[in-house]
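Asks: Here it is, the structure, as structure tokens.
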Amino acid sequence: MISLVELALLALAGYRGTQLVVHDSILDPVRARIDVWQQRRPTSAFRDAIVTLISCVYCSGFWVCGALLLVWLLITDQWHGTPVLVHGFEWLALAGAAVLLNRWDDARKDDH
């Protein structure tokens, strides 16, 4: 199981990765191309799901955190010897911590 320090580090990375996917201007061209792609078949449930995935901090954050956790567990050799269910709980905890950071950041922006 990952430590609280690792959870905090990964939560910060998950928060930042989610901001990159959903909000940062560096990926505006990619999001624009995906939007144009979706508009060519606006009734496609698959295309709607992709647009939702890249525009929702909860959706993106869940998958960004999952990818970060998987990479972390593999490079630190923590994947083996721990039940997969434990890693599932770590994933949920990490995604929850990252989304709390996103919500805090959004609330902070609303105050200004």
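The values are calculated or read from the model by the stated rules, or taken from the named source; none is laboratory data. For clarity, every value in this text was computed on a predicted model and none was experimentally measured. Glycine also receives a Cβ, built like all others from the backbone with ideal geometry; neighbour counts cover every protein chain displayed. All accessible areas refer to the heavy atoms of the entire protein, side chains included, with ligands and DNA or RNA removed. Shrake-Rupley method; radii C 1.70, N 1.55, O 1.52, S 1.80 Å.
Asks: With a 1.4 Å probe and every protein chain kept in, tell me what percent of the accessible surface of the chain is carbon plus sulfur. It would help to have the intermediate numbers written out before the result.
Replies: Numbers: 5090 of 7320 Å².
Carbon-and-sulfur percentage of accessible area, whole number: 70.
Asks: Under a plain spin-label model, where a point goes 7 Å from the Cα along Cα-to-Cβ, how far apart in nm are ASP110 and LEU74?
Replies: 3.8
Asks: Dipole size in debye (nearest 20) for the chain around its Cα centre, Lys and Arg Cβ +1, Asp and Glu Cβ -1?
Replies: Working: 9 positive and 11 negative charges, 88 e Å.
Taking the Cα centre of the chain as origin, the dipole is about 420 debye.
Asks: Can you work out ³J(HN,Hα) from phi for every residue in region 19-34, in order, using Karplus 6.51 cos²θ - 1.76 cosθ + 1.60 and θ = phi - 60°, giving whole Hz and x for Gly and Pro?
Replies: Computed from phi, the couplings for region 19-34 are 4, 4, 5, 8, 10, 5, 5, 4, 9, 3, x, 5, 4, 5, 5, 5 Hz.
Asks: Something else: Of ILE75, CYS56, ALA11, whose Cα points farthest to the positive end of the dipole of region 7-81 (charges on the beta-carbon: +1 Lys, Arg; -1 Asp, Glu; origin at the Cα centre)?
Replies: Farthest towards the positive pole: CYS56.
Asks: Based on the Cβ-Cβ distance of LEU100 and ASP48, what FRET efficiency does E = 1/(1 + (r/R0)^6) give at R0 = 25 Å, to the nearest 0.05?
Replies: Numbers: r = 27 Å, r/R0 = 1.08.
Rounded to the nearest 0.05, the efficiency is 0.40.
Asks: Given the Cα-Cα distance of LEU4 and SER25 and 0.36 nm per residue of separation, how much length would full extension add, in nm?
Replies: Details: separation 21, 0.36 × 21 = 7.56 nm, distance 3.16 nm.
Roughly 4.4 nm would be gained on extension.
Asks: Could you run the Karplus curve 6.51 cos²θ - 1.76 cosθ + 1.60 with θ = phi - 60° over region 67-75 and give me ³J(HN,Hα) per residue in whole Hz, x for Gly and Pro?
Replies: 5, 4, 5, 4, 4, 4, 5, 6, 6
Asks: Let me ask something additional. Which whole-number value in Å² is the accessible area per residue of region 1-91, probe 1.4 Å? Intermediate results must be reported in sequence, preceding the final value.
Replies: Working: 5850 Å² over 91 residues.
Roughly 64 Å² per residue, with all protein chains present.
Asks: While we're looking at this one, here's another question. Match the structure shown to one of the listed values (i) 123; (ii) 103; (iii) 111 of volume of the Cα convex hull per residue in Å³, computed from it, and give that label.
Replies: Structure-derived value, by its label: (i).
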